[in-house]
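Encoded as structure tokens, the structure appears first; notes follow it.
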Amino acid sequence: MNLSSLKPAKGSVKGKKRIGRGQGSGRGGTSTRGHKGAGSRSGHSTKIGFEGGQMPLQRRVPKFGFKNINRVEYVGVNLDVLQGLVEKHNLTAIDFDILKTYGLVSKNDVVKILGRGEFSAKVEVKAHAFSASAQKAIEAAGGSIVKL
């Protein structure tokens, strides 16, 4: 067996429907487009979601809810991640630039420190927001927090 002799399984590949190739083909004449109407003309396309005149699904389903334009989307960074950073890189302070350097956040993110995991490093942590449990854990370890 070699790669040049590989073929799909018998019957698994169907031939293309050749339309508009004369009356003898059985698909000449109207070429499967039917008689008259927009569907028989060249360049015809129905718009997305068109259901033949029936009320389309996106108009049958009611609208609900709203998007708050003032919502602040925080990127959460947990204490166990910060602890790992401190141990790995011997840091004395953690700020936005350090988090960005190590790929935890990107330049336009708003950072919130969350309280998952153990934290024992005595460091100053600067972020936009802190959860109550994270704040308690950092201060219990002898560190300090600064809100940006």
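The number of residues in the stretch 49-92 that are touching a residue at least 24 places away in the same chain (Cβ under 8 Å) and either surrounded by 10 or more Cβ atoms within 10 Å (Cβ to Cβ) or among the polar types (S, T, N, Q) (or both) comes to 14.
In the stretch 121-132, the residues that are within 15 Å of G143 (Cβ to Cβ) reach residues that are surrounded by fewer than 20 Cβ atoms within 10 Å (Cβ to Cβ) and among the polar types (S, T, N, Q) with C-beta atoms within less than 7 angstrom, at least six apart or across chains, in these pairs: A121/Q83; V123/T92; E124/S144. Return yes when S45 is polar (S, T, N, Q) and over 37 Å from the mean Cα position of the chain (by Cα) and no when it is not. Criteria not met by S45.
Quick note: the coordinates plus some simple rules give every number you see, no bench work behind them. Please read all numbers here as calculations on a predicted model, not as lab measurements. FYI the Cβ positions are ideal-geometry reconstructions off the backbone, even for glycines, and counts take in every protein chain you see.
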